[in-house]
Amino acid sequence: MSPAATGPLLLGVRHHGPGSARAVRAALDAARPRAVLIEGPPEGDALLPLAAEPGMRPPVALLAHAADDPGRAAFWPLASFSPEWVAIRWAQARDVPVRFIDLPAAHTLAARGAEEGAEGGEAEGDSVRVDPLGVLAQAAGYDDPERWWEDVVEHRGTGAVPDPLAAFEALAEAMGALRETYGDGGRPRDLVREAHMRQKMRAARREFGEDFAVVCGAWHVPALRAKATVAADRALLAGLPRTKVETTWVPWTHRRLARAGGYGAGITSPGWYAHLFAARDRPVERWLTKVAGLLREEDRQVSPAHVIEAVRLAETLAAVRGRPLPGLTETLEAVRAVMCDGSDVPLALVEDRLVVGDVLGEVPDGAPVVPLQRDLARCQRSLRLKAEAQRRELELDLRKDTDSAKSLLLHRLRLLGIDWGVPTASRSGTGTFRETWRLCWEPELSVRVAEAGIWGTTVLGAATAKAEADAAGAVELGEVTALAERCLLAGLSQALPAVLRALADRAALDTDVAGLAKALPALARSLRYGDVRGTDAAALGAVAAGLAERICVALPPACAAGLDADGAADLRRHVDAVHGAIGLLADAEEAGGLRERWSAVLATLAGRDSVPGPIRGRAARLLLDEGRIPAGETARLMGLALSRASAPADAAGWIEGFAGGGAGGGTLLVHDERLLGLIDAWLVAVPEEAFIDVLPLLRRTFGAYEPGVRRTLGELVRRGPGRTSPAGSGEAPEGFAPDLDPARAAAAEEVAHLLLTAA
């Protein structure tokens, strides 16, 4: 390219447009500039050589973050079909200097608050903006900017173009007309950015003359061609805030390139655009072949004949609509009609997997990273945990050393706020040695890793320091309790002393029974199951025992303090949780005699009239299940609760507490007809005006039973009280012996023990 009187070669593009990318490559081949300037932060110049490394595979993003606040960051994503990426690789392949010329990230991040960390140079925080493509599409008679862009740019073909610069000139002229009409188009910051670009162009002109090319957003071309004085540009750039920044390359995904992912310069169909850019010829035929392969993987019957018919339909639709070639709209309509039998369900799979896609880029090992990122990469390699953009489930058996190490890593990352994996319910079993994780690596996690780098240089060290800091800053007891459990799951033995000190301090000051009751179950789980992961949870024993003692003392007064219905229901759930926790704690050395003290508390709750009905009923049921009171005493308590002296609403609450809430009350009533008879007699005697008030509570109680239990209870009630077999009468219900047969029970004891302990 020889110096031209008209100035340097300005190539205005659409970010992530395959048509623009092909046109840029053709224009650069024709012009052969001595240097290439790219819209992007100049801090990335030192990282440009990595783009030529074999380990670099787009989509990737240039990440810049404030050195003192890694959470204040910005991304500049690049895909294989991005014009900027094509220009970078063109220059590197020919040893042509390539540089970024946009406003430095040091200014951008200093001016932008941490909460406004938008992605990419084109992302703005302004509320009113002009969409140049939308305006041009509307002027051309299109209602869809994407369809207009496909027709005028993407469908220009992959072959040689007679004049590779014609499209850029036409687009620059259109953008010039738009800027004359709309001014800055709602982008006031662009004026500053363009001033800096012009300064960089002046520096390039001193070095290369006019023999250089500029690849930037088409919107900026008129401003870069405009006559502006050095003094005016310096005035725009004077006094800009500045901060120290660090930059690196990070993997990106097609899904995050999509507009739905929140990226300001995003596109709607990155997977489709990647296909258009990579297809050598016949893009529609190749695309529909990909679709057929995906649907066959999902066990749908799709044959080559379906592909042929879909191609014909797509071409026919394009011809009817006056389009030069079938676009994404026509191909998807053909797929729905021919391959999906008119159903949107398989079509949604095609749109998710192929139109958008889960392609995850890669960066070479030589890219600069914080030490924490380097340690995480080492752990990923040693454990063979590959970061992938597609969601997948990981089943772990904690009895295996490798699986246990994977669990520790994922728990430590979660404690650092790096949610690469999220625990989920296991489908293969409920044993405490099983864990199931749902893994998905999102590009934003690279920022989270950089943020977490302030806590340490290794995952273990950073997680330990973060846990200690969280313990010191926690306000509520529940926060510290949850943190203690997470430390055990993550194997952070060095952080436990600080967490336990904070736990003991807050437990001593907390007077809220509900808060204490929320904290105890997590401690009990940690004590019971800590050894499964090879962690020492014994240090929690003394704290948990002290917490349980305080609950035993404070619970009875709290239950009699004039609770309303909602408060009684909440406290009843806390009673259940504490009961389960004490069952786990009872065998601990520090908790000797705790079960007896808790049983005494339940007996107090069950026999105190001032305690709300739901809590009294649940206490009686828990005592019965534990064998602490005989069936006769249970019947006496029920009789008192259902007597005429009790308010119907309170009596219904007692029944709900005793037989509802998933406590297996339905089965108990099936086998103890005396209790069922007491409930039946009370229910018949409830006055009509009171019955309407208690009906919703009773329906909730009995509606939760399994259908078989409800049917059996109905049959027993239909037989009537005179035909039931009360307990202690010597007669047994149908199908049951009058007394326990020890010999037959012993025969089944071993099998029952195996079943109950299999988990």
Could you run through the stretch 206-246 and say how many residues are among the acidic types (Asp, Glu), open to solvent by 20 Å² or more (accessible area, probe 1.4 Å) and assigned to a helix (DSSP H, G or I)? 1
Criterion (under 30 Å from Gly456 (Cβ atoms) and either open to solvent by 20 Å² or more (accessible area, probe 1.4 Å) or more than 31 Å from the chain's Cα centre (by Cα) (or both)) met by exactly one of Ala67, Ala26, Ala21: Ala67
Verdict on Trp249 being outside any helix (DSSP H, G or I) and surrounded by 17 or more Cβ atoms within 10 Å (Cβ to Cβ): yes
Just to be sure before I move on: is Glu393 in a loop (DSSP other than H, G, I, E, B), surrounded by fewer than 19 Cβ atoms within 10 Å (Cβ to Cβ) and within 27 Å of the chain's Cα centre (by Cα) in the structure I sent? no
Check whether at least one residue in the stretch 451-458 is among the β-branched types (Val, Ile, Thr), surrounded by fewer than 20 Cβ atoms within 10 Å (Cβ to Cβ) and part of a loop (DSSP other than H, G, I, E, B), and report yes or no. yes
Select the helices (runs of 4 or more DSSP H) contained entirely in the stretch 596-698, then report the ones holding at least 3 residues which are free of Cβ contacts under 8 Å to residues at least 24 places away in the same chain. 631-641
Cβ contacts < 9 Å: first residue within 26 Å of Asp68 (Cα to Cα), restricted to the stretch 91-108; second residue among the charged types (D, E, K, R) and outside any helix (DSSP H, G or I), any location; separation 6+ or different chain. Result? Phe100/Glu39; Ile101/Glu39; Asp102/Glu39; Pro104/Arg242; Ala106/Arg242; Ala106/Lys244; His107/Arg242; Thr108/Asp102
One residue is enough: does the stretch 158-181 have a residue meeting the conditions at pLDDT 80 or above, hydroxyl-bearing (Ser, Thr, Tyr), more than 40 Å from the chain's Cα centre (by Cα) and open to solvent by 50 Å² or more (accessible area, probe 1.4 Å)? yes
Going by the conditions given, is Pro696 open to solvent by 60 Å² or more (accessible area, probe 1.4 Å) and of a type outside the set (D, E, K, R)? yes
Here is a list of conditions, (1) touching a Phe, Trp or Tyr at 6+ places or on another chain (Cβ under 7 Å); (2) surrounded by fewer than 15 Cβ atoms within 10 Å (Cβ to Cβ); (3) assigned to a helix (DSSP H, G or I), and Leu445 meets all of them except one; can you say which number that is? (2)
Looking at the stretch 738-759, I want the residues that are closer than 27 Å to Glu673 by Cβ and open to solvent by 70 Å² or more (accessible area, probe 1.4 Å) and have a partner that is part of a helix (DSSP H, G or I) and at pLDDT 80 or above with Cβ atoms under 9 Å, at least 6 apart or on another chain. Which pairs are those? none
Residue check, Val359 against (1) of a type outside the set (Asp, Glu); (2) touching a residue at least 40 places away in the same chain (Cβ under 8 Å); (3) open to solvent by less than 30 Å² (accessible area, probe 1.4 Å); (4) touching a helix residue (DSSP H, G or I) at 6+ places or on another chain (Cβ under 8 Å), all met but one. Which one? (3)
Among Ala348, Ala387, Ala377, which is the only one that is open to solvent by 20 Å² or more (accessible area, probe 1.4 Å) and either acidic (Asp, Glu) or farther than 30 Å from Gly453 by Cα (or both)? Ala348
If the requirement is being at pLDDT below 75, open to solvent by 60 Å² or more (accessible area, probe 1.4 Å) and assigned to a helix (DSSP H, G or I), which of these qualifies: Gly722, Gly735, Gly728? Gly722
For strands (runs of 3 or more DSSP E) lying entirely in the stretch 10-86, having 1 or more residues that are touching a strand residue (DSSP E or B) at 6+ places or on another chain (Cβ under 8 Å) and at pLDDT 95 or above picks out 36-38
Based on this model, can you work out whether Gly491 counts as within 24 Å of Ala73 (Cα to Cα), assigned to a loop (DSSP other than H, G, I, E, B) and either in contact with a strand residue (DSSP E or B) (Cβ under 7 Å, 6 or more places away or on another chain) or open to solvent by 10 Å² or more (accessible area, probe 1.4 Å) (or both)? no
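Conditions (1) modelled with pLDDT of 90 or more; (2) farther than 22 Å from Thr436 by Cβ, marked per residue:
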{"site": "Gly366", "(1), (2)": "no, yes"}
{"site": "Val369", "(1), (2)": "no, yes"}
{"site": "Ala387", "(1), (2)": "no, no"}
{"site": "Leu394", "(1), (2)": "yes, no"}
{"site": "Ala405", "(1), (2)": "yes, no"}
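Yes or no, residue by residue, for (1) open to solvent by less than 20 Å² (accessible area, probe 1.4 Å); (2) at pLDDT 80 or above; (3) within 27 Å of Gly708 (Cβ to Cβ):
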{"site": "Leu624", "(1), (2), (3)": "no, yes, yes"}
{"site": "Met638", "(1), (2), (3)": "yes, no, yes"}
{"site": "Ile679", "(1), (2), (3)": "yes, no, yes"}
{"site": "Pro687", "(1), (2), (3)": "no, no, no"}
{"site": "Ala690", "(1), (2), (3)": "yes, no, no"}
Looking at (1) closer than 16 Å to Ala490 by Cβ; (2) outside any loop (DSSP other than H, G, I, E, B); (3) free of Cβ contacts under 8 Å to residues at least 60 places away in the same chain, can you tell me which one Thr402 breaks? (1)
Taking the stretch 29-40 and keeping only residues that are out of contact with any helix residue (DSSP H, G or I) (no Cβ under 9 Å at 6 or more places or on another chain) and either of a type in the set (S, T, N, Q) or open to solvent by 20 Å² or more (accessible area, probe 1.4 Å) (or both), one is left with Ala30, Arg32
Could you tell me how many of the residues in the stretch 468-485 are surrounded by 16 or more Cβ atoms within 10 Å (Cβ to Cβ) and assigned to a helix (DSSP H, G or I)? 12
In the stretch 423-434, is there at least one residue being open to solvent by less than 20 Å² (accessible area, probe 1.4 Å) and within 25 Å of Arg256 (Cβ to Cβ)? no
How many residues does the stretch 672-697 contain that are of a type in the set (A, V, I, L, M, F, W, C), under 47 Å from the mean Cα position of the chain (by Cα) and over 15 Å from Ala647 (Cα atoms)? 0
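To keep it simple, each residue is scored yes or no on (1) crowded, with 22+ Cβ neighbours inside 10 Å; (2) at pLDDT 80 or above; (3) not in a loop (DSSP other than H, G, I, E, B).
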{"site": "Leu503", "(1), (2), (3)": "yes, no, yes"}
{"site": "Ala507", "(1), (2), (3)": "no, no, yes"}
{"site": "Arg528", "(1), (2), (3)": "no, no, yes"}
{"site": "Gly546", "(1), (2), (3)": "no, no, yes"}
{"site": "Val553", "(1), (2), (3)": "no, yes, yes"}
{"site": "Ala558", "(1), (2), (3)": "no, yes, yes"}
{"site": "Leu563", "(1), (2), (3)": "no, no, no"}
{"site": "Arg572", "(1), (2), (3)": "yes, yes, yes"}
{"site": "Gly583", "(1), (2), (3)": "no, no, yes"}
When residues of the stretch 134-145 are limited to those that are in a helix (DSSP H, G or I) and surrounded by 17 or more Cβ atoms within 10 Å (Cβ to Cβ), the one modelled with the lowest pLDDT: Pro145
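The values are calculated or read from the model by the stated rules, or taken from the named source; none is laboratory data. Everything numeric here is computed off the predicted structure, so don't read it as measured data. Neighbour counts are summed over all protein chains in view; Cβ atoms, including those assigned to glycine, are modelled from backbone coordinates with ideal geometry. Areas reflect the complete protein model, heavy atoms only, side chains present, ligands, DNA and RNA absent. Shrake-Rupley method; radii C 1.70, N 1.55, O 1.52, S 1.80 Å.
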